[in-house]
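Okay, structure first, notes after.
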Amino acid sequence: MCAKVTSIGLKGMEGYRLNVEVKTFVGNDSIRIVGLPDAAVKESKERISAALRSLGYTINGQRIIINLSPSEQKKSGPMFDLPMAIGVLVSLNELVLSIPENCGFIGALSLDGAIVSVEGMLPAVLSAKRLGIKKLYMPYDERLPVLDIDGLEVIYSSSLREVIEKLAGRGGTPFTPKTVEPDYHQSSYIDFQQIIGHRDTKRALEIAAAGEHHVLMTGPPGCGKSMLAESFPSILPPLSKEDRLDIIALHQLSGTNYPNVNIPPFRNPHHSASGISIIGGGTYPKPGEISLAHRGVLFLDEIAEFPKKTLDMLRQPFESGKITISRTHATLTYPACFILLAAMNPCPCGYAGSNSHYCTCTPRQAQNYRNKISGPLRDRFDIRLMIKPVDFDRDTLEGEVTSKVVQRKVEAARIRQYERYGKELCNSRVGYDVLQKTSPLTQEQQKIIHQLAVRKNWSNRTQIKIIRLARTISDLEGKTAITDKSIWEAVKLR
């Protein structure tokens, strides 16, 4: 008898329907797995054999062939142990029932028949609904949030015997995992109220948070660039349920854990990090820092010290919000919709333009240092800030606004953008045609931007970024149209 059981395979974050086909013959004791399995999949036959024997089933005198379809896709990981074991039992008539195609199985087996969780389960579950699967058997993993997905019944099971009992309709009380609310606590980030001075920079970061604009900060050592960047997540809106699941799934694919929190991720790689660790890659490509910062912040401190080749790799995900990694074994696409904050010194010694220290660099050395960031990459930053040290005799904490107050303004501006574009899309990523259609400029405003572009030799990208910044500033002020005041403020931010 030939049995067919449904499971889910993964290509990066994208899942595809995987059919486990099992055929048994009378012959020498053997289990053969075909369909481009990797070493972990090939080892499944030993785990399946031991698990079935521990439950009292015998496969003596049986030759078993397991085909993982589609056969042209490379299969990796032990996630298919459970569907293969179910297929073997159906093929041997040990489990006499018909398993519908919209019923899926994922999970690895231990030698005693217990079902254990593996990396990549969450992306598979998120893909299940799109693949038409209505019921999914899987192990419970306390590291993952409780999965409540409309149109998909998730059945948690702890052992192969429990799955068999449930399939036969003899299951007991269904397991109900304890619901854990995501943590909203933000004490790990610096509050805006704790930062003395830098009011113009805080205003710029507020605009960046509202419209998801990228920011380049330049200033001498110790002026507060890193502190400002580390406080930035405290003014970002909480993550939506879908974004939180995507972020946890990306961290699971990379082999790291992300806590069950509603706070956007903040990634701060060292400048010695390799290009693969930043972008993602490997023989079987895994997500890099730009994907782990999805829906959050990627902070590159001392950006001029990063290899120029690595920085130029950021140019494509800057615009598209995703990264495609091509290798011999696979071509995978991961989401990479992040806000980039970058900080650098104005010159090698760090004190060019300082009023308190003497700069020891020649003009050529300073220019060569700034040229470590290529022109096309620099042009992609929406906001460029020159940060000066704080004067403690003049600036105090009095009158500083808390991050919670700024966060509410950012949330209100984001809602206006979502309503205007009909989806969760911010001004920094909206197409110019949509921007012109929803927020057309007046003839006088167009004239102002054209004159400035000619005088300052701006590129077309720079002019569009000015308009996007002005749109975000107007959203923060609650204006339906782009105002003249917002255009002049946007120009200053460039």
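The values are calculated or read from the model by the stated rules, or taken from the named source; none is laboratory data. If you're wondering where the values come from, they're calculated on a predicted model, not measured in any experiment. Here Cβ is always computed from backbone atoms with ideal geometry, including for glycine, and neighbour counts include all displayed protein chains. Calculation scope for accessible area: heavy atoms of the full protein, side chains included, ligands and nucleic acids excluded. Shrake-Rupley method; radii C 1.70, N 1.55, O 1.52, S 1.80 Å.
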Filter region 276-288 for residues that are open to solvent by 10 Å² or more (accessible area, probe 1.4 Å) and out of contact with any strand residue (DSSP E or B) (no Cβ under 8 Å at 6 or more places or on another chain); which is nearest to residue 13 (Cα to Cα)? 284
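Quick check: anything in region 421-435 within 30 Å of the chain's Cα centre (by Cα), part of a helix (DSSP H, G or I), closer than 24 Å to residue 205 by Cβ and free of Cβ contacts under 8 Å to residues at least 12 places away in the same chain?
Looking through region 421-435, none of the residues is within 30 Å of the chain's Cα centre (by Cα), part of a helix (DSSP H, G or I), closer than 24 Å to residue 205 by Cβ and free of Cβ contacts under 8 Å to residues at least 12 places away in the same chain.
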Could you tell me which residue of region 91-142 is nearest to residue 12 (Cα to Cα), considering only residues that are β-branched (Val, Ile, Thr) and open to solvent by less than 10 Å² (accessible area, probe 1.4 Å)? 125
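Listed here are the residues, each with its yes/no results for (1) at pLDDT 90 or above; (2) charged (D, E, K, R); (3) farther than 30 Å from residue 371 by Cβ.
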| residue | (1), (2), (3) |
| --- | --- |
| 216 | yes, no, no |
| 244 | yes, yes, yes |
| 251 | yes, no, yes |
| 261 | no, no, yes |
| 274 | yes, no, no |
| 286 | yes, yes, yes |
| 290 | yes, no, no |
From (1) assigned to a helix (DSSP H, G or I); (2) at pLDDT 95 or above, pick out the condition that doesn't hold for residue 455. (2)
Considering only region 346-382, state which residues are touching a Lys or Arg at 6+ places or on another chain (Cβ under 7 Å), open to solvent by 30 Å² or more (accessible area, probe 1.4 Å) and either of a type in the set (Asp, Glu) or over 29 Å from residue 317 (Cα atoms) (or both). none
Tell me, yes or no, whether region 368-382 has at least one residue that is over 27 Å from residue 464 (Cβ atoms) and of a type outside the set (Ser, Thr, Tyr). yes
Please verify whether region 149-162 includes one or more residues that are among the hydrophobic types (A, V, I, L, M, F, W, C), closer than 21 Å to residue 81 by Cβ and at pLDDT 95 or above. yes
Filter region 39-53 for residues that are in a helix (DSSP H, G or I) and surrounded by fewer than 18 Cβ atoms within 10 Å (Cβ to Cβ) and give the result. 39, 40, 42, 46, 50, 53
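I'd like to know if region 397-411 contains one or more residues that are open to solvent by less than 50 Å² (accessible area, probe 1.4 Å), within 30 Å of residue 453 (Cβ to Cβ) and not in a loop (DSSP other than H, G, I, E, B). Working first, answer last.
Step one: filter region 397-411 for residues open to solvent by less than 50 Å² (accessible area, probe 1.4 Å), giving 400, 402-403, 406-407, 410.
Still in the list and also within 30 Å of residue 453 (Cβ to Cβ): 410.
Next, only the ones that are not in a loop (DSSP other than H, G, I, E, B) stay: 410.
Yes, that holds for at least one residue.
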Given (1) assigned to a strand (DSSP E or B); (2) among the small types (Gly, Ala, Ser); (3) over 38 Å from the mean Cα position of the chain (by Cα), residue 56 misses just (1)
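Test of understanding: among 217, 227, which residue is on the phi < 0 side of the Ramachandran plot and surrounded by fewer than 17 Cβ atoms within 10 Å (Cβ to Cβ)?
Numbers: 217 fails: surrounded by fewer than 17 Cβ atoms within 10 Å (Cβ to Cβ).
None of the others qualify; the one that does is 227.
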